[in-house]
Amino acid sequence: MAIDGKLLGGMGVLAAVVEAGSFIRAAESLGMTQSGVSRAVARLEQRVGVRLFDRTARAVSLTDEGRRFYEQVAPLLTGIEDAAATVSDAAGAVRGLLRVNVDSAFGHYVLAPRLGEFLARHPALSVELVVRDRIGDLVAEGLDMAVRFGEAEPSGLITRQLARSRVLTCASPEYVARHGRPKHPSELAQGRHECIRVRNPFTESYFEWEFQRGDEVIPVNVQGRLVVNDSGSLIGAMLSGHGIGQPFEFSVRDLLESGRLVKLLPAWSDERYPVHVYHRSRELPAARVRAFIDFLLEIAK
């Protein structure tokens, strides 16, 4: 199949629909009418011989064939975009819209407070944060990348570890004044302390509490009447004086420095949890993706 201007233009419209999630928003971003976008997609479908989108009254989504086609052409379009930006203005190559699927804890406590700094470096770039529990389908949802805690998930995406965040055991000064400080992790299993447990939204089970000192690891079956499923609720409950929690260090660093929370069992805080970034492009990630990964490596400490 020969590549001509109409085919290349149709691929650009395809990418715009995937990224926008609808024909209407794609038309707005391209400066076209909705009917013009629909005709361009129909011509592309006729040219490649497959239906690329499932259309409903409310949304459009890629078919299986459309997803495979888009996965093949997206890196090519990205390469063309980067080449044009490099030739026309190398300093402004980081441009366009970057859509990032992010874990709520990382998004709230690490990324959002520093995003202004990143955007100031790249005035031609816009960023949309999509906070979700799961990575989902980046291609079908028009997302460039995802940031997630935990061991790397098996997928067709490119994965890179950003950091390993320390897991701390904390409580408010008011709680410590009432109940005292545990001297050993085993005390938390004896019912002497109220521990705030966190439920894993994927498995519906509780996250296990472990205490690590060097190579020594002690799992503890903690006791507690309050269960939460997100870091904001966990920190709020700790600040209220209800009980002891195990947050990530990055999410409570400011609270520890201000004295609103205190660290417990500091000798047993060697446990670390990985955070990974996932992105789609295997051959040549967009300049905005490369720049954002560099920024994540800078701030994820």
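Laboratory data are not the source of any read-out in this text; all were calculated from the coordinates shown. Being a predicted model, the structure only gives us computed values, none of them experimental. Every residue, glycine among them, receives a Cβ derived from its backbone with ideal geometry; neighbour counts consider all protein chains shown.
Observations on the structure shown:
- DSSP assigns beta bridges within the chain; of those with both partners inside it, close to 65 percent run antiparallel.
- Placing R0 at 51 angstrom, the Cβ-Cβ distance between Val217 and Glu117 gives a FRET efficiency of 0.85 after rounding to 0.05.
- Estimated distance in nm for a label pair at Glu204 and Ala177, the labels positioned 7 Å out from Cα along Cα-to-Cβ: 4.2
- Modelled FRET efficiency - R0 22 Å, Arg68 with Ser35, Cβ distances, 0.05 increments: 0.25
- Anisotropy class of region 157-203 from Cα gyration tensor, a/c 1.5 cut: prolate
- With 0.36 nm allotted per residue and the present C-alpha distance subtracted, the Glu128-Glu187 stretch has 16.8 nm of extension available.
- Under a 5 Å amide H cut-off, with hydrogens placed 1.01 Å from N, Ala163 pairs with Val275 among residues at least 5 apart or on other chains.
- Around the amide H of Asn200, modelled in the peptide plane, lie the amide H atoms of Ser205, Tyr206, Phe207, all under 5 Å away and 5 or more residues distant in sequence or on another chain.
- Annotation for region 122-160: GluC sites (Glu not before Pro) lying in DSSP loop with at most 15 further Cβ atoms inside 10 Å of their Cβ are Glu151.
- Distances between placed amide hydrogens fall under 5 Å for Ile244 paired with Glu194, Cys195, Ile196, all partners being 5 or more residues away or on another chain.
- The helix-only estimate of mean residue ellipticity at 222 nm for the chain, built from DSSP H runs of length n ≥ 4 each weighted as -39500 (n - 2.57), is -11500 deg cm²/dmol after division by the residue total.
- 20 Å tail of the calculated P(r), region 168-270, as % of Cα pairs: 33
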